[in-house]
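Below is one structure, written out as structure tokens; the observations come after it.
The values are calculated or read from the model by the stated rules, or taken from the named source; none is laboratory data. This structure is a prediction, so every number in the text was calculated from the model and none was measured. Cβ: placed from backbone, ideal geometry, glycine included. Neighbour counts: every protein chain shown. SASA here: full protein model, heavy atoms, side chains in, ligands and nucleic acids out. Shrake-Rupley method; radii C 1.70, N 1.55, O 1.52, S 1.80 Å.
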Amino acid sequence: MKIIKAMNYEEMSQLAADRVIDRVRSHPHFTLGLATGATPLGLYNKLVGDHQKNGTSYQGVVTFNLDEYIGLPPNHPNSYHYYMNQHLFDHIDIEEKNIHLPDGTAENLVKECIFYEKQIRQAGGIRLQILGIGQNGHIGFNEPGTSPDSRTHVVRLTESTRKANSHYFKSMEEVPACAITMGLATIIESEEIILLASGEHKSSTIDKLIHGDVHHQFPASLLKTHPNVTVIADQAALKMARAPRVY
Ligand code: F6R
């Protein structure tokens, strides 16, 4: 696992954007795995800026998002589909048919999970996956205890995750109880992974990621078994990490 220390959120976002842009430009048919949440907003903003200024094209890019809430349709302001449209897809030249998020309103959720896996396989797998990290070490919605062999599946969200996400909703009751997420095995099959972390509230999590053992109670630790993972974290997120080997 390679650790890149950024000065601040802005630099973290720029470093991540530079990598994505570089990959997209050198492989016009590229499969990109995407995350939602607060952390990648700066990255998406930079991708949009670059598209507008330099014309980087996403016409051959196929995307797969990590997760989606169950029960929220794509046009619901709190759905991850809506978030992606608002922050990225509506502002670049990606084709609608190349955008993939799990359908949280599917009648048969088990079938939907199997179908999502099939779509990823048919696209040739994910070349570059962007990840954020929850304070409890979750990636996607793979909460502590999730099997490393898990594929796309339905999860019941922990109270801590629902609480962390509740500020996007009017009340805690509105936060969905369940979601569909890519599994840990799905994520780890990506050719390359970039994990972003920003802020002091992530510092003990990042310390644990860098220095802790691989353990199923800390899902992100599985990334240590992957040959091509880069953590781009800002100074605040690296505050507690004891002498990481930084680049
Ligand atoms: C979102 C996702 C989550 C977030 C994580 C961190 O698609 O998969 O694992 O990356 O909860 O969220 P933020 O960035 O809001 O701190």
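State the Cα centre-to-centre distance between region 207-236 and region 18-49 in whole Å.
After rounding, the separation between the Cα centres reads 21 Å.
If I build a Gaussian network model for the chain, linking alpha-carbon pairs within less than 10 angstrom, which residue out of 195, 128, 109 has the largest mean-square fluctuation?
109
Whole-Hz ³J(HN,Hα) for each residue in region 158-173, computed from phi via Karplus 6.51 cos²θ - 1.76 cosθ + 1.60 with θ = phi - 60°, x for glycine and proline: what do you get?
Each residue's phi maps through the Karplus curve to give 6, 4, 5, 5, 4, 5, 4, 8, 5, 5, 7, 10, 5, 8, 4, 4 Hz.
Taking the Cα centre of region 44-145 as origin, sum charge times position over the Cβ atoms of Lys and Arg (+1) and Asp and Glu (-1), and report the length of that vector in debye to the nearest 20.
Taking the Cα centre of region 44-145 as origin, the dipole is about 300 debye.
With the chain treated as a Gaussian network of Cα nodes joined by springs under 10 Å, which of 83, 116, 168 yields the largest mean-square fluctuation?
168
Please report the antiparallel percentage of the DSSP beta bridges confined to region 105-247, to the nearest 5.
40
Among 2/170; 5/170; 46/163; 2/111; 53/208, which pairs are too far apart, with a Cα-Cα distance over 31 Å?
2/170; 5/170; 2/111; 53/208
With θ set to phi - 60° and the Karplus curve 6.51 cos²θ - 1.76 cosθ + 1.60, what are the ³J(HN,Hα) couplings of region 96-106 in order, to the nearest whole Hz, using x for Gly and Pro?
3, 5, 8, 9, 10, 9, x, 8, x, 10, 4
For region 2-234, what proportion of DSSP beta bridges, expressed in % and rounded to the nearest 5, is antiparallel?
The antiparallel proportion sits near 30 percent.
With only Lys, Arg, Asp and Glu charged, each at its Cβ (+1 for the first two, -1 for the last two), find how big the charge dipole of region 61-210 is about the Cα centre; round to the nearest 20 debye. Write down the numbers at each step before the final one.
Numbers: 12 positive and 20 negative charges, 52 e Å.
That gives a dipole near 240 debye.
Show that you can apply the helix-only estimate: for the chain, add -39,500 (n - 2.57) for every DSSP H stretch of four or more residues, divide by all residues, and state [θ] at 222 nm to the nearest 500.
It comes out at -9000 deg cm²/dmol, rounded to the nearest 500.
With a 1.4 Å probe and all protein chains left in place, how much accessible area per residue does the chain have, in Å²?
Averaged over the residues of the chain, the accessible area is 46 Å².
Per residue of region 52-58, what does 6.51 cos²θ - 1.76 cosθ + 1.60 with θ = phi - 60° give for ³J(HN,Hα)? Whole Hz please, x for Gly and Pro, Karplus curve as stated.
5, 8, 10, x, 3, 9, 10
Describe numerically, in nm with one decimal, the distance between label points set 7 Å from Cα along Cα→Cβ at residue 171 and at residue 154.
Each label point is offset 7 Å from its Cα along the Cβ direction, giving 2.5 nm.
At a Cα cut-off below 23 Å, give the lysines reachable from residue 118, other chains included and same-chain residues fewer than 8 away excluded.
Residue 118 reaches 97.
So, with a 1.4 angstrom probe, what is the percent of accessible area on region 2-234 that is carbon and sulfur?
So the carbon and sulfur contribution to the accessible surface is 50 percent.
Can you pull out the GluC sites (Glu not before Pro) in region 95-130 that DSSP calls coil and that have at most 11 other Cβ atoms within 10 Å?
The qualifying sites are 107.
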